[in-house]
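The values are calculated or read from the model by the stated rules, or taken from the named source; none is laboratory data. Note that the structure is a prediction, hence the values are computed from the model and not measured. When we count neighbours, we look across all protein chains shown, and the Cβ atoms used for this are built from the backbone with ideal geometry, even at glycine. All accessible areas refer to the heavy atoms of the entire protein, side chains included, with ligands and DNA or RNA removed. Shrake-Rupley method; radii C 1.70, N 1.55, O 1.52, S 1.80 Å.
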Amino acid sequence: MVAVVYWFRKALRLHDNPALIAAAEGASSLYPVYCLDPKTCSRARGAWTNPNRMRFLLESLADLDASLRKLNSRLIVLHGDPVEALPAACKEWSASRLAYELDYEQYSLRRDKAVRSQAEQAGLEVVTRVGHTLVDPEALLLLSRGAPVTSYDKFRGLLAQELKARPVTTLPPPASLPPPGRTAAPHAIPSLEELGLEPMGDAAVIARGGEGAALRAMEAHLRRRDWIASFEKPKTSPTEMLAGGPFDAGAGRSTTVLSPYLTFGCLSSRLLYERVAAVYAEAAPRHSQPPVSLHGQLLWREFYVCCMHATPNYRRMAGNPICRQISWGEDAALVAAWREGRTGYPWIDAAMTQLRREGWIHHLARHAVACFLTRGDLWQSWETGAAVFEEYLLDADEAINFGNWMWLSCSCFFYQYFRCYSPVAFPQKYDKQGAYVRHWLPQLARLPAKYIYEPWKAPIAVQKEAGCIIGVDYPKPIVDHQAAAA
DNA sequence: CTGTAGTTGTCCCC
DNA sequence: GGGGACAACTACAG
Ligand SMILES: Cc1cc2nc3c(=O)[nH]c(=O)nc-3n(C[C@H](O)[C@H](O)[C@H](O)COP(=O)(O)OP(=O)(O)OC[C@H]3O[C@@H](n4cnc5c(N)ncnc54)[C@H](O)[C@@H]3O)c2cc1C
């Protein structure tokens with residue numbers, strides 16, 4: 001009799017889940033658990049303050065539970081610090097094996113070290129597998145001789161080398177699983193209310209959680225073969241929100257919006273990589289290339305994960321060897337205005353509002369608001385911005401988020417700091433009428449297009465006519481972009 | 001040391 | 001909306 005506990009953390013899926021398959025091998029019973037961790041859990045840290053992300057997580061757990069039930073299994077939800085809850089559960093069920101997918105985020109490394117040592121002391125076999133990325137970041141670390149790689153081209157070279165030795169493969173979902181034994185408590189999936197979270201408020205749903213939703217979204221995108229094959233990231237629009245765009249295929253946005261699924265592991269990055277490769281093979285030889293292609297996007301993800309794995313203090317400026325040391329300002333009022341969408345620049349405020357309400361903004365909107373907060377206008381630390389993103393994003397990912405913040409603030413990877421986004425000119429390129437701003441900031445909805453990105457320039461008669469007095473119904477700009485840029 | 005390349009700038013002009 | 005001038009960074013290859 002071999003009782004096994006499989007611990008879901010990321011990889012909230014059955015397809016392409018190597019650690020789950022390894023867990024089940026030779027097991028007579030398998031207890032699939034997820035541990036909701038109110039105090040410390042890195043992913044749930046945001047989830048507990050952000051009902052929208054918790055909503056996404058709970059939907060993902062519900063979907064997982066439903067899929068497990070089709071295999072005569074079920075999801076067992078534990079509460080509390082995993083360092084206590086996991087060993088206790090293993091003991092209760094007399095487990096002899098604990099299995100989980102590796103996770104290289106800072107908090108996870110610490111947590112897993114503690115859980116592993118407890119489990120091993122209790123005589124359990126601990127089984128782990130890589131499943132979140134195309135390659136094992138540890139293998140790439142070897143290829144780069146322990147040094148962080150900060151150039152995409154160099155990274156591509158090393159990655160190609162690693163992929164030659166160990167090509168991308170995927171596993172099908174298990175056809176059957178050993179059943180879990182009886183549990184003393186029901187361990188059911190809680191609701192938002194039961195977790196003490198306010199229901200959604202003014203939050204907007206851009207994507208439903210779960211492996212099923214993830215696979216449907218991926219399939220919907222894959223059917224648009226030309227779009228997949230010709231995808232060029234810098235040419236996609238940050239303001240696109242096509243009305244009636246299919247909800248299952250990115251809700252009418254100009255990129256896939258698969259990021260929350262990849263972050264939570266509802267979707268395997270390797271499966272996506274393979275399926276996109278298959279579209280390329282059909283479209284060959286005419287398809288876009290990294291860094292701008294869809295494959296290129298997955299390589300960026302890989303790039304940051306591997307870079308974080310090789311970098312101490314990756315989340316901070318201090319003590320971070322790849323990060324430029326810059327004396328950022330410390331102005332809480334400016335940061336608060338930025339976070340709450342009160343900068344007086346409609347494009348910035350609309351994007352920050354979308355971020356807060358929807359938990360997703362387009363890559364170039366992330367560029368715009370990150371540039372504005374740091375080197376562009378407010379001169380506030382990228383760490384501050386990254387913390388706000390980490391709280392609000394559905395797709396919050398330590399490696400990608402903190403890495404991109406270093407990029408945008410010209411602290412690492414990218415240094416052309418004179419290439420600065422204008423909060424007025426940039427959105428104009430994509431959305432002359434300002435539909436995006438009107439959607440997220442309805443108080444500006446009736447302003448003429450001429451003033452939509454710089455409403456303080458509207459004559460007072462125009463402001464009255466639009467029912468929006470600048471300084472009363474919408475703030476005056478907190479900084480002068482021209483002056484800040486100079 | 002020099003030359004070059006880097007996902008995703010702005011402004012002006014056709 | 002696309003092309004070129006502008007201004008001008010750093011890392012890394014040679
Ligand atoms: C300041 C800043 C913070 C960011 N924080 C995050 C974050 O916390 N989590 C996150 O997933 N992405 C983050 N990104 C990267 C990028 O903006 C998002 O991945 C992308 O917008 C998600 O939308 P999508 O799934 O439609 O992307 P697509 O263009 O459809 O790309 C497909 C997938 O590739 C990956 N990807 C795309 N762009 C990047 C990139 N630049 N770096 C790494 N991986 C990428 C993502 O997994 C994405 O889902 C950040 C970017 C910036 C500038």
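Out of everything in the range A:406-420 that is more than 10 Å from DNA strand B (Cβ to nearest atom) and more than 10 Å from residue A:376 (Cα to Cα), what residue ends up being surrounded by the most Cβ atoms within 10 Å (Cβ to Cβ)?
Checking each candidate, the answer is A:406.
Name, by its number, the condition in (1) assigned to a loop (DSSP other than H, G, I, E, B); (2) under 24 Å from residue A:48 (Cβ atoms); (3) modelled with pLDDT of 95 or more that does not hold for residue A:214.
(1)
Among the residues of the range A:1-22, write down those that are assigned to a loop (DSSP other than H, G, I, E, B) and either out of contact with any strand residue (DSSP E or B) (no Cβ under 9 Å at 6 or more places or on another chain) or of a type in the set (A, V, I, L, M, F, W, C) (or both). Spell out the reasoning first.
Of all residues in the range A:1-22, those assigned to a loop (DSSP other than H, G, I, E, B) come to A:1-2, A:9-17.
A:1, A:2, A:11, A:12, A:13, A:14, A:15, A:16, listed by residue number.
Filter the range A:241-250 down to the residues that are hydrophobic (A, V, I, L, M, F, W, C), at pLDDT 70 or above and over 15 Å from residue A:439 (Cα atoms) and list them by number. Break it down stepwise before answering.
We begin by selecting, within the range A:241-250, every residue hydrophobic (A, V, I, L, M, F, W, C); these are A:241-243, A:247, A:249.
When the remaining residues are screened for being at pLDDT 70 or above, the result is A:241-243, A:249.
The answer is A:249, and nothing else.
Residue check: is residue A:441 touching a Pro at 6+ places or on another chain (Cβ under 7 Å), touching a residue at least 12 places away in the same chain (Cβ under 8 Å), crowded, with 22+ Cβ neighbours inside 10 Å and under 18 Å from residue A:203 (Cα atoms)?
Working: touching a Pro at 6+ places or on another chain (Cβ under 7 Å): yes; touching a residue at least 12 places away in the same chain (Cβ under 8 Å): yes; crowded, with 22+ Cβ neighbours inside 10 Å: yes; under 18 Å from residue A:203 (Cα atoms): yes.
Yes: the conditions hold for residue A:441.
Checking the condition among the acidic types (Asp, Glu) and within 21 Å of residue A:415 (Cβ to Cβ), which residue from A:383, A:398, A:390, A:358 passes?
Testing whether each residue is among the acidic types (Asp, Glu) and within 21 Å of residue A:415 (Cβ to Cβ) leaves just A:383.
Would you please name the residue that is surrounded by the fewest Cβ atoms within 10 Å (Cβ to Cβ), looking only at residues in the range A:342-364 that are farther than 12 Å from residue A:437 by Cα and within 12 Å of DNA strand B (Cβ to nearest atom)?
A:363
Which one of the conditions (1) in a helix (DSSP H, G or I); (2) over 12 Å from the mean Cα position of the chain (by Cα); (3) more than 16 Å from DNA strand C (Cβ to nearest atom) does residue A:391 fail to meet, given that it meets all the rest?
Going through the list (1) in a helix (DSSP H, G or I); (2) over 12 Å from the mean Cα position of the chain (by Cα); (3) more than 16 Å from DNA strand C (Cβ to nearest atom), residue A:391 breaks only (2).
May I ask you to verify whether residue A:185 is at pLDDT 95 or above and open to solvent by less than 70 Å² (accessible area, probe 1.4 Å)?
Judged against the criteria, residue A:185 is not a match.
Looking at the range A:350-383, which of its residues are part of a helix (DSSP H, G or I), more than 16 Å from DNA strand C (Cβ to nearest atom) and touching a strand residue (DSSP E or B) at 6+ places or on another chain (Cβ under 8 Å)?
A:373
Confirm whether residue A:96 is closer than 25 Å to residue A:174 by Cβ, surrounded by fewer than 21 Cβ atoms within 10 Å (Cβ to Cβ) and touching a strand residue (DSSP E or B) at 6+ places or on another chain (Cβ under 9 Å). Before you say what the answer is, go through the steps one by one.
Values: closer than 25 Å to residue A:174 by Cβ: yes; surrounded by fewer than 21 Cβ atoms within 10 Å (Cβ to Cβ): yes; touching a strand residue (DSSP E or B) at 6+ places or on another chain (Cβ under 9 Å): yes.
It is true that residue A:96 is closer than 25 Å to residue A:174 by Cβ, surrounded by fewer than 21 Cβ atoms within 10 Å (Cβ to Cβ) and touching a strand residue (DSSP E or B) at 6+ places or on another chain (Cβ under 9 Å).
Quick one: how many residues across the range A:231-256 are exposed (fewer than 15 other Cβ atoms within 10 Å of the Cβ) and either not in a loop (DSSP other than H, G, I, E, B) or not assigned by TED's automatic domain parsing to the domain that holds residue A:293 (or both)?
Counting residues in the range A:231-256 that are exposed (fewer than 15 other Cβ atoms within 10 Å of the Cβ) and either not in a loop (DSSP other than H, G, I, E, B) or not assigned by TED's automatic domain parsing to the domain that holds residue A:293 (or both) gives 2.
Find all pairs meeting these conditions: Cβ atoms under 9 angstrom apart; at least six residues apart or on different chains; first residue within the range A:141-167 and touching a residue at least 40 places away in the same chain (Cβ under 8 Å); second residue more than 14 Å from DNA strand C (Cβ to nearest atom) and part of a loop (DSSP other than H, G, I, E, B).
Taking only residues 6 or more apart or on different chains, the pairs are A:148/A:314; A:152/A:290; A:152/A:291; A:156/A:290; A:156/A:291; A:159/A:134; A:159/A:135.
Here are the criteria: (1) under 28 Å from the mean Cα position of the chain (by Cα); (2) in contact (Cβ under 8 Å) with a residue 12 or more places away in the chain; (3) open to solvent by less than 40 Å² (accessible area, probe 1.4 Å). Tell me which single one residue A:455 does not satisfy.
(1)
Residue pairs, Cβ under 8 Å, 6 or more apart or interchain, first in the range A:404-429 and within 30 Å of residue A:449 (Cβ to Cβ), second surrounded by fewer than 16 Cβ atoms within 10 Å (Cβ to Cβ). List them.
Close Cβ pairs (under 8 Å, with a partner that is surrounded by fewer than 16 Cβ atoms within 10 Å (Cβ to Cβ)) amount to A:408/A:414; A:420/A:485; A:422/A:485.
What is the residue count in the range A:68-81 for residues that are modelled with pLDDT of 95 or more and open to solvent by less than 30 Å² (accessible area, probe 1.4 Å)? Working first, answer last.
Here is the first cut: in the range A:68-81, the residues modelled with pLDDT of 95 or more are A:68-78.
Among the residues that remain, those that are also open to solvent by less than 30 Å² (accessible area, probe 1.4 Å) are: A:68, A:73, A:75-78.
The total comes to 6.
For residues that are acidic (Asp, Glu), open to solvent by less than 20 Å² (accessible area, probe 1.4 Å) and in contact (Cβ under 8 Å) with a residue 40 or more places away in the chain, tally how many sit in the range A:104-140. Please lay out each step first, then the result.
First, pick out the residues of the range A:104-140 that are acidic (Asp, Glu): A:105, A:112, A:120, A:125, A:136, A:138.
If we keep only those that are open to solvent by less than 20 Å² (accessible area, probe 1.4 Å) as well, we get A:105, A:112.
Going one step further and asking which of them are in contact (Cβ under 8 Å) with a residue 40 or more places away in the chain, we end up with A:105.
Result for the range A:104-140: 1.
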